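Here the structure comes first, spelled out in structure tokens, and everything after it is commentary.
Taken together, the values in this text are just the output of simple stated rules run on the coordinates, not laboratory data. Being a predicted model, the structure only gives us computed values, none of them experimental. All Cβ positions, glycine included, derive from the backbone under ideal geometry; neighbour counts span all protein chains shown.
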Amino acid sequence: MAKVAVFMATGYEEGETLTIVDILRRAGLTCHTFYFDKQYVEGMHHMFVKADKPFSDEVKEYDMIVLPGGRPGGMNLKENPEVIKMVQYFNDNNKLIGAMCSGTVVLSDAQVITGKKVTGYTGYAAKLIGGIFQEDVVVFDQNIVTSQGPATPYPFAFKIAEIFGVDTSEMRSRLMYDFAGGK
């Protein structure tokens with residue numbers, strides 16, 4: 001079974017992060033959250049959530065890493081040299097990397113999006129240096145999956161599940177995603 005590591009830095013966007021983890025676990029994927037300082041991580045809306053594991057080289061055993069956004073969550077990921085090294089490790093080893101909203105800036109700093117199609121938060125075209133910015137909700141190019149922002153974790157997580165071979169059609173129906181206008 002595929003294993004996905006979701007990074008939780010202080011200031012993570014709660015709606016993005018928790019929705020991603022929820023959907024990936026519903027899809028039957030192994031999905032753990034990783035923290036950097038304290039196990040109870042404070043989100044941008046001051047919700048404290050207990051993360052599963054401390055950030056370590058164990059992450060290298062996973063098939064994918066995911067970088068959610070948030071303020072200052074995305075910036076905290078970007079400014080952590082160990083996160084940059086891990087993103088580069090995943091890219092160099094042709095492993096999957098996912099990022100959304102302000103988490104996408106990490107990809108630019110790690111220099112893993114050169115020549116790849118990406119998307120990100122409104123106005124991020126100039127911040128995603130080297131990438132080929134798209135206005136789509138979710139973009140998957142080579143080993144990189146990106147998404148736009150707080151309203152897009154559902155299609156983002158569905159895309160990740162689908163990349164790992166999960167048919168999400170029944171889950172979309174059970175979650176009323178199609179009813180809500182999702183595509």
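Residue-wise test of (1) surrounded by fewer than 20 Cβ atoms within 10 Å (Cβ to Cβ); (2) without any contact (Cβ under 8 Å) to a residue 12 or more places away in the chain; (3) part of a helix (DSSP H, G or I); (4) small (Gly, Ala, Ser).
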{"residue": "Asp136", "(1), (2), (3), (4)": "yes, no, no, no"}
{"residue": "Phe140", "(1), (2), (3), (4)": "no, no, no, no"}
{"residue": "Val145", "(1), (2), (3), (4)": "no, no, no, no"}
{"residue": "Pro150", "(1), (2), (3), (4)": "yes, no, no, no"}
{"residue": "Tyr154", "(1), (2), (3), (4)": "no, no, yes, no"}
{"residue": "Phe158", "(1), (2), (3), (4)": "no, no, yes, no"}
{"residue": "Glu162", "(1), (2), (3), (4)": "yes, yes, yes, no"}
{"residue": "Arg172", "(1), (2), (3), (4)": "yes, no, yes, no"}
{"residue": "Tyr177", "(1), (2), (3), (4)": "yes, no, no, no"}
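Taking residues in segment 28-56 that are under 20 Å from Gly103 (Cα atoms), and partners anywhere that are charged (D, E, K, R) and assigned to a loop (DSSP other than H, G, I, E, B), the pairs with Cβ atoms closer than 6 Å and at least 6 places apart or on different chains are His32/Asp52; Thr33/Asp52; Met44/Glu13; Met44/Arg71. State yes or no: is Ile132 surrounded by fewer than 17 Cβ atoms within 10 Å (Cβ to Cβ), of a type in the set (A, V, I, L, M, F, W, C), out of contact with any helix residue (DSSP H, G or I) (no Cβ under 8 Å at 6 or more places or on another chain) and under 21 Å from Val4 (Cα atoms)? So Ile132 does not fit the description; no.
Scanning segment 1-25 for residues that are of a type in the set (S, T, N, Q) and within 16 Å of Tyr35 (Cα to Cα) yields a count of 2.
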